[in-house]
């Protein structure tokens with residue numbers, strides 16, 4: 001008897017107004033709170049059972065076992081929260097049902113591979129490579145990093161010195177040249193003046209560290225793309241490798257090298273680069289993290305194959321190679 | 001004669017009532033995201049230690065001292081490897097779950113709606129202060145809906161703020177609605193706090209509701225479901 005109020009609301013819907021019906025039901029509960037506690041409770045999804053879609057997904061899930069027919073159906077069909085009819089089964093049937101469903105979630109156990117030391121590192125490397133692949137695919141060749149007004153630039157004294165070995169590798173600034181190698185028409189030694197002879201770009205951009213801090217600085221230099229064109233580099237090559245006086249090393253994807261905001265930077269805050277910031281020449285790319293911004297440049301190489309490992313000092317310790325922003 | 005009759009009689013009626021509560025896609029998504037959220041929180045805390053502050057520039061002082069023992073990855077680079085690997089599992093399982101709920105229409109039973117607001121306090125009072133259990137005639141009570149819906153909310157906030165921190169140049173337009181690049185770090189941290197608040201409550205509730213409830217998240221079938229009594 002007390003079963004009646006709920007099923008009655010089930011039978012109401014014109015088949016196509018299923019949605020409207022369930023939202024109607026949803027407003028009802030406050031009324032039913034006063035109903036006697038003996039009222040049987042249904043998963044609200046039971047309302048959706050008449051929908052053809054729900055029925056389809058049911059049958060595909062239970063392809064091996066016809067769902068409805070094994071027991072004489074109860075007087076009132078009842079549904080669990082997943083829109084499946086409630087069943088009365090023998091312990092054996094229940095065991096089989098549970099076992100089959102258990103097998104379906106078994107693939108989750110694969111995550112346990114991350115707990116096995118031998119597999120962990122290779123798996124994490126694959127994860128990192130996948131993220132790098134996605135980052136490379138997302139990189140917009142013409143999407144510029146935000147630039148800032150002079151008033152937003154951090155004072156020079158607040159721009160941190162970051163180095164991995166020594167703050168000043170004692171570069172002989174008088175005799176310094178940039179060695180150019182690889183897939184270029186005019187390899188050789190280039191003086192700073194030759195680089196400075198190319199159009200100069202000054203930009204206020206954000207320098208973001210992988211640690212999580214960032215600082216807005218003022219940078220001046222030559223577009224890397226201009227210099228690469230000047231030396232007749234193969235712009236279809238995949239990488240630019242960089243070796244530094246302090247034995248730091250890096251490699252950058254060509255898309256980023258050719259980005260209009262990627263600089264061979266020889267000035268900060270309108271002054272020649274000081275020794276702590278990588279004098280006389282460094283990379284400055286507002287589309288990359290700080291560890292990609294190689295300082296104290298010594299040799300650049302246009303290449304299609306990276307020279308060993310990921311060819312990046314921090315990348316070879318475990319940071320991601322792309323390091324893009 | 002009497003003996004055989006007895007045997008058949010005692011065998012035949014032994015039937016168990018079972019309801020299918022969690023389809024396999026939901027269960028897979030649940031367990032994948034359970035592992036992933038654990039990895040994301042612990043590795044995320046290790047990443048935070050590298051710069052334990054929300055300021056734009058160098059930290060003037062540490063915001064909070066997080067013990068390394070509860071973190072994953074060992075060092076910043078290691079933690080980033082975990083974070084950048086499991087973010088795909090975390091987001092992937094969340095997306096699969098949400099799509100599934102939308103396609104099947106099951107979202108109606110778990111999505112917290114304005115009409116559920118008034119039911120939250122009676123339910124909380126019942127759980128935390130041993131008040132009378134309010135009558136519930138839906139698969140999930142208002143407090144459950146609030147908890148489950150909030151995890152989706154925290155997940156979406158984590159994902160969007162994470163994207164802004166990970167690729168602020170490519171997704172500059174996403175940073176704007178959250179108050180800018182620096183705010184992404186704060187919202188990301190707060191979303192993590194949301195998960196940290198949810199998980200113990202969830203685990204306690206699971207423990208209180210016993211084995212058959214827990215088991216239904218493994219095989220999908222729940223024995224003698226309480227809403228059919």
Quiz item: Across the stretch A:90-113, what is the number of residues that are in contact with a strand residue (DSSP E or B) (Cβ under 7 Å, 6 or more places away or on another chain) and closer than 15 Å to residue B:20 by Cβ?
Solution: 4
Exercise. Mind counting the residues in the stretch B:7-36 that are more than 20 Å from residue B:97 (Cβ to Cβ), at pLDDT 85 or above and more than 8 Å from chain A (Cβ to nearest Cβ)?
Key: 0
Quiz item: In this structure, does residue A:189 turn out to be closer than 14 Å to residue A:298 by Cα and in a strand (DSSP E or B)?
Solution: yes
Quiz item: What residue, among those in the stretch B:188-226 that are part of a helix (DSSP H, G or I), over 30 Å from residue B:157 (Cβ atoms) and touching a strand residue (DSSP E or B) at 6+ places or on another chain (Cβ under 8 Å), is nearest to the other protein chains (Cβ to nearest Cβ)?
Solution: B:215
Self-check item: residue A:319 vs. criteria within 14 Å of chain B (Cβ to nearest Cβ), over 17 Å from residue A:131 (Cβ atoms) and part of a loop (DSSP other than H, G, I, E, B)
Solution: no
Practice problem: Could you grab me the full set of residues in the stretch A:205-221 that are surrounded by fewer than 19 Cβ atoms within 10 Å (Cβ to Cβ) and in a strand (DSSP E or B)? | Solution: A:215
Practice problem: Give the residue, chosen from B:135, B:142, that is modelled with pLDDT under 90, buried (at least 19 other Cβ atoms within 10 Å of the Cβ) and either in contact with a helix residue (DSSP H, G or I) (Cβ under 7 Å, 6 or more places away or on another chain) or more than 29 Å from residue A:214 (Cβ to Cβ) (or both). | Solution: B:142
Exercise. Please determine, by comparing only the residues of the stretch B:203-217 that are crowded, with 16+ Cβ neighbours inside 10 Å and touching a residue at least 12 places away in the same chain (Cβ under 8 Å), which one is farthest from residue B:31 (Cα to Cα).
Key: B:216
Quiz item: Can you find even one residue in the stretch A:262-280 that is in contact with a strand residue (DSSP E or B) (Cβ under 9 Å, 6 or more places away or on another chain), within 14 Å of chain B (Cβ to nearest Cβ) and in a helix (DSSP H, G or I)?
Solution: no
Quiz item: Does residue A:237 count as in a loop (DSSP other than H, G, I, E, B) and surrounded by fewer than 23 Cβ atoms within 10 Å (Cβ to Cβ)?
Solution: yes
Practice problem: Please find, within the stretch A:90-104, the residue that is nearest to the other protein chains (Cβ to nearest Cβ) out of those that are more than 15 Å from residue B:222 (Cβ to Cβ) and within 33 Å of the chain's Cα centre (by Cα). | Solution: A:104
Exercise. Please work out which residue is nearest to the other protein chains (Cβ to nearest Cβ), limiting yourself to the stretch A:127-141 and to residues that are closer than 16 Å to residue A:318 by Cα and in contact with a helix residue (DSSP H, G or I) (Cβ under 8 Å, 6 or more places away or on another chain).
Key: A:127
Quiz item: Does residue A:87 count as at the interface with chain B (Cβ under 7 Å from one of its Cβ atoms) and out of contact with any helix residue (DSSP H, G or I) (no Cβ under 6 Å at 6 or more places or on another chain)?
Solution: yes
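One line per residue, one yes/no per condition, for (1) within 22 Å of the chain's Cα centre (by Cα); (2) more than 10 Å from chain A (Cβ to nearest Cβ); (3) surrounded by 15 or more Cβ atoms within 10 Å (Cβ to Cβ); (4) in a loop (DSSP other than H, G, I, E, B):
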| site | (1), (2), (3), (4) |
| --- | --- |
| B:112 | yes, yes, yes, yes |
| B:121 | yes, yes, no, no |
| B:131 | no, yes, no, yes |
| B:146 | yes, yes, yes, no |
| B:158 | yes, yes, yes, no |
| B:162 | yes, yes, yes, no |
| B:175 | no, no, yes, no |
Exercise. Hey, can you tell me all the residues within the stretch A:114-155 that are touching a strand residue (DSSP E or B) at 6+ places or on another chain (Cβ under 7 Å) and outside any loop (DSSP other than H, G, I, E, B)?
Key: A:135, A:136, A:147, A:150, A:152
Practice problem: Return only the number of the condition from (1) surrounded by fewer than 17 Cβ atoms within 10 Å (Cβ to Cβ); (2) over 30 Å from residue B:46 (Cα atoms); (3) touching a residue at least 40 places away in the same chain (Cβ under 8 Å) that residue A:177 does not satisfy. | Solution: (3)
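The values are calculated or read from the model by the stated rules, or taken from the named source; none is laboratory data. Here the structure is a predicted model, which means the values were calculated and not measured. Because the Cβ atoms are built from the backbone with ideal geometry, glycine has one as well, and the counts that use them run over all protein chains shown.
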